[in-house]
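Comments concern the structure below.
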Amino acid sequence: MLTLLILLVIVAAVAFWGVGIYNGLVTARNAYRNAFAQIDVQLQRRFDLIPNLVEVAKKYMAHERETLEAVVAARSAAQSGLSAAKANPGDPDAMAQLAAAQGQLNAGLGRLLAVAEAYPDLKANQNMLQLTEELTSTENKVAFARQAFNDSVMGYNNRREAFPGNLFAGMFGFAAATLLEIPVDKRDQAREAPKVSF
């Protein structure tokens, strides 16, 4: 009878231990998904600022239509990339699509702001100054949110790869998550927030 009781205690302890590991994996996965939601909020804010920025610039840069259209197209692609990533945060393909789209958008914004430098009236426009200041602030928030997401992904991946979590991760289908890394374009230095000094 005592042996049966000891065996039941051991089985219960192992079951609680297994539940703790499983719950830790779920918690870590939910943490990186929540961190991605913060990226989503900041990128949506960024996407909302871009049409206003283009509209203000349009009045001054009528013959720079190609640059303006490139920014609008890059914004559209970036929104599509964000939608794909929201559906499955941490998925390698979704993160690669989002990173590439954000890199293109950064490059387009960089070109727009560089071209805007040639228009003194645009540089002095209060709306443009305010929009570029908000854009810079948003770029910083995106960078912080991306860092928080990447930290959460790293914590989740560590938990799922370390023993004994790796046993449970394999059994219950906890796939590896991918970091969000914006590619560096040597011409545009996409990792940096666009310079918006007017």
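Structure above, values below:
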{"read-out": "Fraction in percent of alpha-carbon pairs per bin - 10 Å, the range 13-97", "value": "15, 31, 22, 16, 8, 5, 2, 0"}
{"read-out": "Distance histogram for the chain (every C-alpha pair counted, 10 angstrom bins, percent rounded to whole numbers)", "value": "9, 30, 24, 15, 10, 6, 3, 2, 1, 0"}
{"read-out": "Accessible surface of the chain, 1.4 Å probe, proportion on carbon and sulfur as whole %", "value": "57"}
{"read-out": "Equivalent ellipsoid dimensions for the range 113-153 as semi-axes, Å, which come from the Cα gyration tensor, largest first", "value": "31, 10, 4"}
{"read-out": "Pair GLU133, VAL26: separation of 7 Å Cα→Cβ label points (nm)", "value": "4.7"}
{"read-out": "Size of charge dipole - the range 24-171 - debye, nearest 20, with Cβ of Lys, Arg +1 and Asp, Glu -1, no other charges", "value": "360"}
{"read-out": "Solvent-accessible heavy-atom area per residue, rounded to whole Å², over the range 1-54 at 1.4 Å", "value": "60"}
{"read-out": "Sites LEU7 and ARG45, calculated FRET efficiency, Cβ-Cβ separation with R0 45 Å, nearest 0.05", "value": "0.20"}
{"read-out": "Extension gain, LEU167 back to PHE16 (0.36 nm per residue minus Cα-Cα distance, nm)", "value": "52.8 nm"}
{"read-out": "Mean separation of Cα contacts under 8 Å (6+ apart) over length of the range 1-147, as relative contact order %", "value": "32"}
{"read-out": "FRET efficiency for ALA118 and ALA176, using Cβ-Cβ distance with R0 set to 41 Å, rounded to 0.05", "value": "0.30"}
{"read-out": "Calculated [θ] (222 nm, deg cm²/dmol) that DSSP helices of n ≥ 4 give over the chain, each run adding -39,500 (n - 2.57)", "value": "-28000 deg cm²/dmol"}
{"read-out": "Total lysine pairs under 20 Å (Cα atoms) in the chain, excluding pairs fewer than 8 apart on one chain", "value": "7"}
{"read-out": "Helix 2-60 vs. the chain, principal-axis angle (Cα, 0 to 90°, nearest 10)", "value": "0"}
{"read-out": "Solvent-accessible area per residue, Å², over the range 69-149 with all protein chains present [probe radius 1.4 Å]", "value": "45"}
{"read-out": "Among ASN34, ASN23, ASN150: highest mean-square fluctuation, GNM of the chain, C-alpha pairs under 10 Å", "value": "ASN23"}
{"read-out": "Distance (nanometres) between label positions extended 7 Å along Cα→Cβ at ALA73 and LYS86", "value": "2.4"}
{"read-out": "Rounded tilt (10° steps) of 92-116 against the dominant C-alpha axis of the chain", "value": "20"}
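The values are calculated or read from the model by the stated rules, or taken from the named source; none is laboratory data. Bear in mind the structure is a predicted one, so any value in this text is a computation, not a measurement. So basically every Cβ, Gly included, is an ideal-geometry build from the backbone, and we count neighbours across all protein chains shown. In case anyone asks, the SASA skips ligands and DNA or RNA and just uses the protein heavy atoms, side chains included. Shrake-Rupley method; radii C 1.70, N 1.55, O 1.52, S 1.80 Å.
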